[in-house]
Every structure is written in C-alpha cells, then in structure tokens.
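Trainee: This is the structure, below, for whatever I ask next.
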Amino acid sequence: MNIATQPDDAQQAHPIVYLKDYQQPTYLVESVSLNISIFSNGTLVNSSLVMKRQAGASLGELVLLGRDLELLEVCVNGQELRPDQYRLDRESLTIFGAPDQCVVDTQVRIHPESNTQLEGLYQAGELFVTQNEPEGFRKITFFPDRPDVLSVFTTRIEADKKYPTLLANGNLIEAGDASDGRHYAIWQDPTKKPSYLFACVVGDLAVLKDSYTTIEGREVSLELYTEAKDLDKCHVGMQALKDSMHWDEQEYGRAYDLDNYMIVAVSQFNMGAMENKGLNIFNTACVLSDPQTTTDPSNFYVKSTIAHEYFHNWTGNRITCRDWFQLCLKEGFTVFRDQSFSETLQSPAVQRIDDVASLKSAQFAEDAGPMSHPPRPDQFVEINNFYTATVYDKGAEIARMIATLLGKQKFRQGTDEYFRRHDGEAVTVEDLLNSLSDGSGVDVRHFLPWYTQAGTPTVTGQGEYDAATQTYRLSLRQSVKPHAKYPNPKPLPIPVSTALFDRATGQVLAEQMLLLDQPEQQFVFEHIAVEPVVSLLRDFSAPVLLDFAYTDHDLAFLVQYETNGFNQWQAAQELLERVLLKGHDAEPYLQAIAQTVPSLAARDALLTARLLDVPSENYLASRIDQDYEPSEMHQRREALLNALAKRLAEYWPTAYADQPIVPYVDSSEAMGRRAWRNVVLSMAFRAGLPEAVQWASEQYQAAVCMTERLGALRALVWNDAAGAAELSVQLLADFEQCFSDEALAIDLWFSVQSGKPTVTVAEIQALLQHPRFDYTTPNRVRSVTSHFAQNPLAVWTVEGVQFYADLTKHLDAKNPVLASRILQALSRWYTLKAPLREQVKAVLKALQQDVSSSSVTETLGNLLQAE
Ligand code: PHE
Ligand code: ZN
C-alpha cells in the first residue's frame, strides 16, 4: 500500500506551466469503467482504462495523474504490478514499459467525508458530489486528466440505501441491490468526453421532472434535483432550461443530444455552476428561485446561469478545449451566448448596461492590477486562478465584437462551420477563428491579438466640424499600457459604433460602425449640415476605455437625447467619472439627470434605476494609479450622491407613491418597478426626507417578495437615519428569525450587515463569530467578504488588511480556491498612499510565510510583484 501524495510542502516551488510546452497526450483512453463505492469512512474507486498509445505522439512512458489518492492496487492487462514496474510520486503514477495497447486497472481509496476543498468527490452535508473542472478528476482516480483525452465513461455507483439518489452522466442502464443492504446504479454516457466533465451524485434528493421535445424530435427528460424542502424553488430554473433549449435551436441551430438532462443543486460549491455532460451541478444560489426568499437579481441570475451551463453542451462539451490555456474558447463564447439569451428576458439596453457595469468593475479593474492577463494566457502556476473576469467577460466581448462586425447571418455561417468542423474535438482559439473566417467568408483572424494581449486599450480622440465643407472629421488613436509578461502589443481591430446628433433637434444625422484597426485613424462624415454631437461606442461595441474630447455639455446632451439606452447610461457614467476623478463641476450631470428622470421613470423604470448608477468606489480606485486615499474618494462619492438626492428631493415622494406594492409578477416590467422603488427609497433617506423611515418600515411589513423586504431593510441599515437605529436592529432580528431555515436568505442577512457603508472591521469579525457563520460553505463566507470588499474605507486599514490575511491563512489549506479569490480584493494595495502602502506590504509579506497552496501562493506572489 502506498500513499500517493504528501501534504504540500511550503518550501517546494510551484512550477510554471507554459502554453509553448504543449504536447499531445502519449496515450489516449478509449473507454473508462469506474466503480465508486461510498462508505462513511472512505470511498473505494476501481477504475479500468482501455488505453492506446497515440499515433504521432512523442514516445514516453504511460503516465496517469493522481493527487491525494491512496493506491491499493495497480494492474496492467490483469497482472498486478510489482513495485519495480511503476513509480508513484505526489502527482503521478508512471508505468514502465506498458504495451501500446493495454487495460490499466487501479484501486484507490479517497476521503470525500473530509474533503473541504470542494474539488474531486466531496461530501456536503448528506450529499456526495463531484467537481472536476479543471483538475479535480485526478483526486478521484489515476487518469490522464487533461481536456484533450476524450473517453466513453461507464460508471457504477454503490452506496448505503439511506442514499436513494445515485446519479452519473448519461443513461441509467441498470440498478439494483448490493450486499450488506446497499444498492447500486450503472450509468453509461454514450458520447466521448474529457474527464473534467465527469460527474456523479449520491444522496437523498427530491426531483422536479418535466420534458422537452427537441427540434429534431428527441424527447428529453428534464430533472432538477434538490433537497425536498426546496423543490418549489425549482420552477424558474426548469422554465429557463426549456427556454434555453429552444433558443439554442433557433439562434445557433443546436439541439440537445441525450435523452435526459439533469441538474443537481448543492449548497457547498466554489463557483456558480458546472456544465458536466447531462448532469449539471449548481450552487443553490444559481438555481433556486422563489419570490419569498430570493431577490430579483438572483432570479435573473438563475435564468442566465441555467442558460450558460446548457449552452456549454455545444460550446464546451461537444467541442472542448485542447488545453486549459484555451479556457476562454468555451467560457468567453458561452458567456456571449448567455448574455444574448438574457437580452430576450429583459430590455436589451439594460442587459448591456448590467454586463458592461460588471465588465468595468471586475474585468477593467483586474486588468489594471497585478492579476492582469490576456483572455488566453500563455503561462500559469495554478489554472484555478484563471477562472477570471478576463477569461469570461473579456472573452465574451471578443466573441461579441466578431459577431457585431460579421452581422447576424455571416456570424451564423461562421458558427455553423465551427460546429461542423470540430464536433467531438478538443480545439484552440485559432481553430475557432479559422472556422468563423472560413464559414462567413470574412477573415476575422486578426482578432487573435485580442485573445493573446493583456490590458485594457484606451481609445483617445477628438472631432472637428468644418461648416464650409459640411464635414465632420473624427480622429481616433489606440494605445495600451505595456505589460511585463506580454510586451510589444499590436494594434487591435476595434469596432466603434458611432452616431452623430443634431444638437438643436436631437435628431440622428448619421450612424455608422467604424473599424479602428491602426494605431491612429481619421473618419470623415460628409453632408453634415450642423455641428453635431457625437456618440461613440454605442452598445459598448468594444471593451476599451474611451478618452474623447467631449464637453461636459455634450455628455449631458447625450444623457437626455441619446436614443441608444446603453449610451444614455454611458454618458451619465462618463460625466460622473469626470466629477469624481477629475474634479469637474457636478452641475451638468445633476441637471441632465433631473431633467431626464421623471419622464423616463414613467416609461421605463428599469432603465431609470440604472441611470442613477454611480461608479463603485472600487471601479473609481482602479482608475487611480498612485496615492489613492480611500476616504477622500468615499467622501466625494457620498457628496455627489447626496447632492443628487437633494436635487430631486421634491420628486421622490411622487416617485415613491407612483410605485405601490402590487402582487408579485416575474416580468422585466415588474422587476423594473421594484428596482426603481428601492432606488427611490434610498434616495429619500439621503435627501433626509422625514417620511423615509416610515416608508421603509411599511415596505418591510407589506412586502410581498424578498426584493421589497430586502430593499427596505437595506435602506434602514445602511442609512443611519436619525431615529432608525433601533428599528434596524429590530428588523434585522425579525428577518433572521423569519428566514432561519432559508440558507440563501440568511446569506442576504449577512450581506446587508457586511455591506453597510459604515461597517467596521470589528463588526465584520463579529459576523464571523456568529453561530450561523460557516467557513465550509463558500456562499456564506462570500456573503461577508464580497460585500465587505465593496467598502474600501474599512478594507484599506491595517485591521482590514490583517482581517484578509488571517482569513486567507485560515482557508489556505481548507479551500485554496476560495482563499485565493478572497485575497484578490487586495490586488491594488500598491496604489495606496504612504504610510498605509508600506504597512499593507508588511502584512502581505508576513502572510507569505503562512500559506502553501499553489492557488494562494501564486496570487500572493503576483500581488507582491506589483509596485
Ligand atoms: N465551468 C463552469 C462554468 O463557467 C465554472 C466552474 C469552473 C465551475 C471551475 C467549477 C469549477 O460554467
Ligand atoms: Zn462556463
């Protein structure tokens, strides 16, 4: 008997993996038979791999990857190996002199019952589930665990009968009793897949069933598994699944290929959800939806996450990634697909606003700091650190730019070609660009540098009107900050969707999609009879920073007259950035908003709610490269918000009265009214309206759904209004008691407190001591950390940073993926003003001694390199 791995040795360096070192797998696995037998004190995994040396691959031994596995037996072609016939180390099992074709059998023992990292097979309460992307499968059994090894899987699962639910990918082909009062099920997945898409689930779950008939006539059984008490929270997800299946048939001509589609809800999950073939596993937060316990944004997020995972069946599963450097091949494209689907669920303008707001606050900020990397990086230490906003959201923007330039029909011809050419293969970003080019007849290969270069490009420019010739000349220039690991950036193709407006009438004079693909270019518009106001990057046609010589007056004009709802919002954001970052006068912004809001609210409450967005403190901080002072920025932003609230002080009572509470409806329109009512309520607090406390208290009591209840509670807790302190405490207690059995609602309860703008580090620490706090449930940990992170005022203190360091240290071994993500909140420490900057550096340096996981080590190393 051997122990395959030793605990991570802090001294041992974590090696860098390079894209340029990619080599084809030496051996392929034609088929796998797994036998997984679960016991309370350990799980036995027998695997039988039918292996074949790959023609053309480099010569080499047969190597299987494995981590934290207790190897009990290894056989080749039925013969148990002697110790001198193989070598076992921390990460792999090498079999010497294996034949070119052979069957390798192994037996290992693993411990899901003590697996807190939530990778491989782990136990969450009374549920056993797997998470194998990217490299979890090697924690279940020895295997060439890489995405370019595709195999047919047969899985036998055996467990005690107290776990009636036994699921794996594919079709159930047999089930029955086993010895000792146990039972088993055998599943077979007919399509070849990489090991990261393998899944199994063992537990006692209730199921919601439905069905869908594909456009090809296949009858698909749809099953959503969850704890019995949550079964009625599954209807939204089920409907979204059917809508997604239909959408992919209509928009991309893609139908589902198996007889069943299963989704399992798990409360302990590191990410949102996972697209395992035919057996998705979802974080409860991304699949359960119910007006009483979850909010409108999460209801919306459930629908788009269901769509995302479903769309992966074609973009990810049937066509997968050759290696993990290509992650954005599946993620970027699939995010673009789920965003497009979501546009059918709410107004396209608001969908775009939401996607761009998160792109700017997460991806632009990431690209401005030490974690900056291209959507397709060419080196990494820990692939888990690359499930980033850059890979997902910038990746989606690249797919969107190509789709925009090609137009609907040609883009469809391009994707048809991609699916035709590569179905069943593991491919690269170049393969995607080749297919899109060949299928559409338009060469889009010059988009490759978008995938391979880091940093957010800036487009700078100005316009010039010549009345004599009636021409408007637009000069644009592109640039990007050099990146140490990715030097010498090439100019990128940047689509700039442009409109010219008549400033007297608000009429559109010209509309055009420009392509800036040189370092510097001029575009001339003719027959322009009056000096126009130009609107650039409509619908955010490219993921760039724009530094255009607008006057504040032009921007205010666009807030009022742009017909593109997204650019209306964008003009307001640009004005705000000028006020908050460059000290411009707030008056043009305030005036434009005051003139626009009342009439817009009557037409489109959802868009109005978004129009009052003010860039987050973290986004603003990402634009400040040195001597950042959190309190100064905080005060400026607060002052602006207060001025806005006061400017419309007389309007808020009417606005609030216009939105009475009505029975719950799940529609974009109703969601807009609820969002707008909550914005108005918090504005009423800021404006110091005496009725605000009363409104909030009544809204809390009369609420028919969580969005209303939480909006009221948040307004009270966050606004420190005179006379509201006692009420806040009372309603927080009421909320906790009402929803004590609803984990997702309790997460909201934590988030209201951790996100309070005046929260102190001591209060955050007290939340961690609360009996309902739980380090083993990532949702609960994040309910405190991710909302606290929105509050730089408290984070950027010696105590705040020490809090992060302590938490990182605590989670480093228990859940390194979670720890590493939490730590990234400190990415921009080096922009702080002295002496805080040096104090933070000392804390981070000291932390280096206390952590050893590859995830945290890599992140901390990146952080400390930034200076
Ligand atoms: N592949 C998943 C998705 O984006 C995300 C994920 C990555 C989940 C790694 C778990 C672990 O749909
Ligand atoms: Zn995905």
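Trainee: Place a +1 charge on the Cβ of each Lys and Arg in region 743-867 and a -1 charge on the Cβ of each Asp and Glu, then give the dipole magnitude about the Cα centre in debye, rounded to the nearest 20.
Mentor: Once rounded to the nearest 20, the dipole reads 180 debye.
Trainee: Between beta-carbons, use under 15 Å as the cut-off and find the net charge around Ser599, counting Lys and Arg +1, Asp and Glu -1.
Mentor: That works out to -2.
Trainee: What's the ranking of 634-643, 59-68, 286-295 by average number of surrounding C-beta atoms within 10 Å, highest first?
Mentor: 286-295, 59-68, 634-643
Trainee: Take peptides 588-600, 477-489, 424-436 and line them up by average Cβ neighbours within 10 Å, highest first, as a rough protection proxy.
Mentor: By packing density, highest mean first, the sequence is 424-436, 588-600, 477-489.
Trainee: Work from the charge dipole of region 520-659 (Cβ charges, +1 for Lys and Arg, -1 for Asp and Glu, about the Cα centre) and give the residue of Val597, Ala571, Phe557 farthest towards its positive end.
Mentor: Highest projection toward the positive end goes to Val597.
Trainee: Rank Leu612, His584, Phe39 by how far each Cα sits towards the positive end of the charge dipole of the chain (+1 on Lys, Arg Cβ; -1 on Asp, Glu Cβ) and give me just the farthest.
Mentor: His584
Trainee: Sorted by mean Cβ packing within 10 Å, highest first, what order do the peptides 90-100, 30-40 take?
Mentor: With the highest mean Cβ count within 10 Å placed first, the list reads 30-40, 90-100.
Trainee: Using only Cα atoms, locate the centre of region 702-743 and the centre of region 68-129, then give the distance between them in Å, rounded to an integer.
Mentor: Value for the Cα centre distance between the two parts: 51 Å.
Trainee: What shape does region 425-556 take by its C-alpha gyration tensor, where a ≥ b ≥ c are the square roots of the eigenvalues and a/c under 1.5 counts as rounded, a/b above b/c as prolate, and the rest as oblate?
Mentor: prolate
Trainee: Give, rounded to the nearest 20 debye, the magnitude of the charge dipole that the chain has about its Cα centre when Lys and Arg contribute +1 at Cβ and Asp and Glu contribute -1 at Cβ.
Mentor: Roughly 740 debye, rounded to the nearest 20.
Trainee: Over the chain, average the accessible area per residue using a 1.4 Å probe and give it in Å², no decimals.
Mentor: Dividing the accessible area of the chain by its residue count gives 38 Å².
Trainee: Let me ask something else. Suppose we keep just the DSSP beta bridges with both residues in the chain; what percent of those would be antiparallel, to 5?
Mentor: Bridges in the chain are about 80 percent antiparallel.
Trainee: Given the rule -39500 (n - 2.57) for each run of at least 4 DSSP H residues, summed and divided by the residues of the chain, what is its mean residue ellipticity at 222 nm, to the nearest 500 deg cm²/dmol?
Mentor: Result for the chain, helices only: -12000 deg cm²/dmol.
Trainee: Quick one: of Lys242/Lys410; Lys242/Lys303; Lys192/Lys394; Lys360/Lys408, which pairs are farther than 19 Å apart, Cα to Cα?
Mentor: Lys242/Lys410; Lys192/Lys394; Lys360/Lys408
Trainee: Classify region 776-867 from the C-alpha gyration tensor, please: rounded if a/c falls under 1.5, else prolate or oblate depending on whether a/b exceeds b/c.
Mentor: oblate
Trainee: Still on this model: Place +1 on the Cβ of every Lys and Arg and -1 on the Cβ of every Asp and Glu in region 432-483, take the dipole about the Cα centre, and give the residue among Gly441, Tyr472, Gly455 whose Cα lies farthest towards its positive end.
Mentor: Gly455
Trainee: With the cut-off at 1.5 for a/c, could you classify region 110-192 from its C-alpha gyration tensor as rounded, prolate or oblate?
Mentor: oblate
The values are calculated or read from the model by the stated rules, or taken from the named source; none is laboratory data. Every value quoted in this text rests on a predicted model; they were computed, and no experiment measured them. Counting neighbours? That spans all protein chains shown, and the Cβs are built from the backbone with ideal geometry, glycine included. SASA here: full protein model, heavy atoms, side chains in, ligands and nucleic acids out. Shrake-Rupley method; radii C 1.70, N 1.55, O 1.52, S 1.80 Å.
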